[in-house]
């Protein structure tokens, strides 16, 4: 453990002695993570908005002609058991006719001869919950046609929620691909700086080996330097992202309103996400350092 | 105990350095290896330390043959076998203190014990004034002192000194050699000194002198009786 403190000190001294190359590596890691993190944060904001807009998503269920009121109640009861169902309203043929007349306005005379019984009973189902709950319930409702007798058609009144869901999924995928690419790029930069560091200290490392140092004693400070580059890069990136979120979030809410954004608290990474990010960046530094060491024989 | 049996070593396209050379060195003694430049003194020390392979024969360190040691055993051997090289091999950017402490850290010694050993070496070699100075900027004589202090800091079982007087004036040589030669008595170290100028060592209690000649290690008649355990203790 004491050797580890000694090696940590040496890694910090290495930073102090050759700040240029090390801060270049830290800057690259930070820039890369800011890019990937921005995409992730935007998708988070969209997710919040989508979850909020998704509250009250409506599905219209059209029943067969001549469905009796008892059967309508039975179907309602069945649907109300599903997850996320907030309200179910029965639209009688008469109400349906009145709505259509109201919508047609001046052209209402076109349906003046249509019998009220022409319109079937229908149910307006309001679903509440987050995006996933809404989508799950919508899918379940879609499957009811053909399973529950008396249902002739099911239509999602609002499809935007699903569309935003796709956008979020695509953004997350882009974020993930971007993260993978930037981690590779950062790893390459860390590997190059570690190689430079080894090459400039080759004589020193040979002396340390001459004194009987183990490979671990020789490699640990170099690996710690790589890990430190990753860790510092991630810390800088999270700092920059927090600053960006802190300044842009109030602008977004001022522009579209809290209700539309879906939250009035700052959208940022959770502690687990932050720790994971730091861990991934540090591990990238470690792996890059190890790869650099494997290419040079001390 | 260091035993060299029928040692042969030839560098490609050159005359053999050693051809069937043999030597036995008792523990806690001072042995001097002499010979002109290029006779193989440094090579012999490097072979003892496992840094240079030999063609045939055996080098036994406490009955373990050096050429058969695996990399881990060699690493452990080097930790316990100090070496003062002609070129000093110091870390130029690190301070005198750090250089002396390095073998101790490699050996896993920390804290008070490390401080005590380093302070002792600094005091012994009178390096107080340059203790915090980087080794790259100190004088040649001071570098030699640091090199010796570093080799001695771990109280090695065996200490190999290659031309310890190189680059030093006679007074500095006497000062350093006196410290070096006190080691077998003070810390039970087996000291092997390689030098082309054995006259510098006259009257300093050498237990055995060997000259490299015609690929052999030829002992002279200056063998001195080793001090007994009791004498070593009282000294």
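Determine if region B:3-24 includes at least one residue that is under 15 Å from the mean Cα position of the chain (by Cα) and under 27 Å from residue B:183 (Cβ atoms).
Of region B:3-24, the ones under 15 Å from the mean Cα position of the chain (by Cα) are none.
Looking for residues that are under 15 Å from the mean Cα position of the chain (by Cα) and under 27 Å from residue B:183 (Cβ atoms), one finds none in region B:3-24, hence no.
Looking only at residues that are surrounded by fewer than 18 Cβ atoms within 10 Å (Cβ to Cβ) and within 14 Å of chain B (Cβ to nearest Cβ) in region A:180-203, which one is nearest to residue B:154 (Cα to Cα)? Walk me through it before giving the result.
Initial filter on region A:180-203 (surrounded by fewer than 18 Cβ atoms within 10 Å (Cβ to Cβ)): A:180-181, A:184-185, A:188, A:192, A:196, A:199-200, A:202-203.
Narrowing further to those that are within 14 Å of chain B (Cβ to nearest Cβ): A:200, A:202-203.
Working: A:200: 28, A:202: 24, A:203: 22 Å.
Once the filter is applied, the top-ranked residue is A:203.
Assess whether residue A:183 counts as being touching a helix residue (DSSP H, G or I) at 6+ places or on another chain (Cβ under 9 Å) and at pLDDT below 80.
Values: touching a helix residue (DSSP H, G or I) at 6+ places or on another chain (Cβ under 9 Å): yes; at pLDDT below 80: no.
No; evaluated as a whole, the condition is false for this residue.
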**OP:** Provide a single number: the residues in region A:123-141 that are over 13 Å from residue A:63 (Cα atoms) and surrounded by fewer than 18 Cβ atoms within 10 Å (Cβ to Cβ).
**Re:** 8
Original post:
Does residue B:70 meet the test of being within 18 Å of the chain's Cα centre (by Cα) and either modelled with pLDDT under 90 or surrounded by fewer than 17 Cβ atoms within 10 Å (Cβ to Cβ) (or both)?
Top reply: no
**OP:** Sort out which residues of region B:49-60 are within 14 Å of chain A (Cβ to nearest Cβ) and outside any loop (DSSP other than H, G, I, E, B), and write them in order of number.
**Re:** none
**OP:** Looking only at region A:206-228, count how many residues are more than 10 Å from chain B (Cβ to nearest Cβ) and either touching a residue at least 40 places away in the same chain (Cβ under 8 Å) or in contact with a helix residue (DSSP H, G or I) (Cβ under 6 Å, 6 or more places away or on another chain) (or both).
**Re:** 10
Original post:
Quick one: would you say residue B:128 is away from every other protein chain (no Cβ under 14 Å) and touching a helix residue (DSSP H, G or I) at 6+ places or on another chain (Cβ under 9 Å)?
Top reply: yes
Original post:
With (1) under 20 Å from residue B:218 (Cα atoms); (2) within 14 Å of another protein chain (Cβ to nearest Cβ); (3) free of Cβ contacts under 8 Å to residues at least 12 places away in the same chain as the list, and residue B:38 as the residue in question, which single condition is left unmet?
Top reply: (2)
**OP:** Residue by residue through region B:68-114, note down the ones that are in contact with a strand residue (DSSP E or B) (Cβ under 7 Å, 6 or more places away or on another chain) and more than 12 Å from chain A (Cβ to nearest Cβ).
**Re:** B:86
**OP:** Kindly list, by first and then second residue, each pair from a residue in region A:14-43 that is within 14 Å of another protein chain (Cβ to nearest Cβ) to a residue that is crowded, with 16+ Cβ neighbours inside 10 Å, limited to pairs with Cβ atoms under 6 Å and residues at least 6 apart or on different chains.
**Re:** A:14/A:225
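The values are calculated or read from the model by the stated rules, or taken from the named source; none is laboratory data. Everything numeric in this text was worked out from a predicted model, so none of it was measured. Here Cβ is always computed from backbone atoms with ideal geometry, including for glycine, and neighbour counts include all displayed protein chains.
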